[in-house]
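I have placed the structure first, in the form of structure tokens, so that the comments after it can refer back to it.
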Amino acid sequence: MRQELIKQTFLGLRPYWMTATFFSIVVNALLLVAPIYMLQIYDRVLTSGSFETLFVLSFLAVALLFVFAAAEGGRRRVFSLIGQEISRKLNSVIFRAGLTAEHGGRNLGGAFSHLSRIQGFFFNGGIQPFFDAPFVPLFILVIFLIHPALGVFGVAGAVILLGLAIITELASRGAQEEARRREETSNSFLSGLIQQYNAIVSMGMTRLVENRWRQLKDRSTDATLQSSNIVGSLSSLTKSVRQILQVGSLGLGAYFVLVQEISPGAIIAVSIILGRALAPIDQTVAAWRQIVDVRTSLHALRDLLDNAPSPEDEPLALPRPEAELHVNQLAVACPGKKKPLFTQAHLQLNAGQTLLVIGASGGGKTSYLQTLSGVWSPLTGAVRLGGRSIHDWSPCDRGRYIGYLPQNTELLPGSIAENIARFAETENEKVFEAAHTAGCHNVILGLKDGYDTVVGPAGAYLSAGQKQLIGLARTVFDDPAAIFLDEPTANLDAASVKFFQILLQDLKRKGAITVIATHDFRLLSAADYVLTLRDGKAILNTQSDCVEHMPVNIKDSALKRSA
């Protein structure tokens, strides 16, 4: 399954893991420098009064601590490289999976947020306690060598802190999941608010939506506070227990000094070593929320990548298909839904033919276009273009022969020329030809920078009609074999609509298959077939039959407006 890509990615970083392990061995071994130095100072230098011994011990300790600094810096560098490699290996596959999964592009932002959280875990050194934890037995062993009773005390302390870590996980899991869910709800509402800014301001909804957002944000904050209280309380308890254990080790060490079983220097050495032994557990509890978030992100990416196309599944690039569209036993449904919006037994469109899709709002016209063009998978049945199943065809290859104009046209950040060319390297003449075909060449020349005009959030402002025309140019770019148009005249003026009707005739002459979802009966004259979606059924008629059975008032209006 594709979700194994996460596992394969981490396994593929074996050289980095080995390097990080080597540095961790060096770092943890050199952490014994300070306690051994203290032990030698108390037990050797102070009793002998030798300045030479003091100088040699100090020189060796400082030299080893410089090595420690280099090893620690190297380890952090390796962790950062791991984060970088994870991003490099998963960026493309997550991007593809985010666009092909159940909710399409809506998954994309969340997927990369998960990836950034995992990267941050490595960049910030959050992984470090997991590399230090295996060395806890080493430090406990050293304490055992100093005195067995102190070693037993150290083991007991480690067990207590480990138990607190388990309690933290059990106590905080539900609260953290609830906090995350409420935060996502709040952010989703805010995102929708930004997208509907114009409507909200014009209808005076600012205060109302602010109140609604504050309610959601307050619920999110309350849940986060509850989660933080649980983790914070247990983290504070863990730190307190750790301090108590260190105080206890000093007291127990002092007792053994009084009974002359260990030297005075061993008291300080044991305290330092015990603190170092317990540090990974303490750090893990302190960073528990981050660890839980990373774990959740890993699970989310595994689920997402279950739908990721892998390179070995990419079909070979095919030649331009014949302009023949076949639909067989098609059931159209929204992604994730099992109940079809409607079914269609059969449809065949040949080169130069146009299908008009009509029906009430919400009847499934957009869903039909998205299914025919390969955006959505059908519930059952098949759609074939030139004999090849559209849904089994690599989107990158298939897309060269398909044009799609969505109901709400938006342009990507970049120049107008780049948007028309679909961000592909191409000859300028092809871009100009597409703009002439769509009737927006003069519109583009009227802009300050012409075809180099940058659009997007920080770019030039374009009206809905201008974006519609440029989107139409993008749709017809490089003469696709099949073109799907969703309410193409929605934002066009009368002159642009007349030009669009001429465009449909031009597409016929070029042999393109055109499927149009619309409420605009002015386009009826260009259609060869009319598909009516009603009551879960797809009723196919020829254009003449459709006009013949129209109500008189609609027929007259359509014919007059077409003229």
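The values are calculated or read from the model by the stated rules, or taken from the named source; none is laboratory data. Remember, it's a predicted structure, so these values are computed and weren't measured experimentally. So basically every Cβ, Gly included, is an ideal-geometry build from the backbone, and we count neighbours across all protein chains shown.
Just one of the listed residues (ASP306, ASP282, ASP293) is among the acidic types (Asp, Glu), under 30 Å from VAL155 (Cβ atoms) and part of a helix (DSSP H, G or I), and it is ASP282. In the stretch 141-163, the residues that are under 20 Å from TYR255 (Cα atoms) form Cβ pairs under 8 Å with partners that are basic (Lys, Arg) and buried (at least 16 other Cβ atoms within 10 Å of the Cβ), at six or more places apart or across chains, as follows: GLY157/ARG242. Restricting GLY120, GLY49 to those that are of a type in the set (Gly, Ala, Ser) and touching a Gly at 6+ places or on another chain (Cβ under 8 Å) reduces the list to GLY120.
In the stretch 400-423, the qualifying residues are those that are in a loop (DSSP other than H, G, I, E, B) and among the hydrophobic types (A, V, I, L, M, F, W, C), and the one that is surrounded by the fewest Cβ atoms within 10 Å (Cβ to Cβ) is LEU412.
For the stretch 420-465, a residue qualifies if it is among the small types (Gly, Ala, Ser), closer than 24 Å to GLN501 by Cα and within 35 Å of the chain's Cα centre (by Cα), and the qualifying residues are ALA421, ALA434, ALA435, ALA438, SER463, ALA464, GLY465.
In the stretch 476-505, the qualifying residues are those that are in contact with a Ser or Thr (Cβ under 9 Å, 6 or more places away or on another chain) and small (Gly, Ala, Ser), and the one that is nearest to ASN350 (Cα to Cα) is ALA482.
Among all residues of the stretch 335-355, there is at least one that is in contact with a His (Cβ under 6 Å, 6 or more places away or on another chain) and either part of a loop (DSSP other than H, G, I, E, B) or at pLDDT 90 or above (or both). ILE262 falls short on exactly one of the conditions (1) more than 29 Å from the chain's Cα centre (by Cα); (2) without any contact (Cβ under 8 Å) to a residue 12 or more places away in the chain, and that condition is (2).
Inspection of the stretch 138-156 finds no residue satisfying the criterion of being in a helix (DSSP H, G or I), at pLDDT below 85 and surrounded by 15 or more Cβ atoms within 10 Å (Cβ to Cβ). Within the stretch 2-60, being on the phi < 0 side of the Ramachandran plot and not in a helix (DSSP H, G or I) holds for ARG2, GLN3, GLY12, LEU13, LEU31, LEU32, SER50. Taking ILE390, is it surrounded by 18 or more Cβ atoms within 10 Å (Cβ to Cβ), closer than 21 Å to ARG96 by Cβ and either in contact with a strand residue (DSSP E or B) (Cβ under 9 Å, 6 or more places away or on another chain) or assigned by TED's automatic domain parsing to the domain that holds ASP520 (or both)? Taking the combined requirement at face value, the residue satisfies it. Among residues of the stretch 189-211 that are part of a helix (DSSP H, G or I) and among the β-branched types (Val, Ile, Thr), those with a beta-carbon under 9 Å from a residue that is modelled with pLDDT under 75 and surrounded by 12 or more Cβ atoms within 10 Å (Cβ to Cβ) at least six positions away or on a different chain give the pairs ILE200/LEU193; THR206/ILE200; VAL209/LEU193; VAL209/GLN196; VAL209/ILE200.
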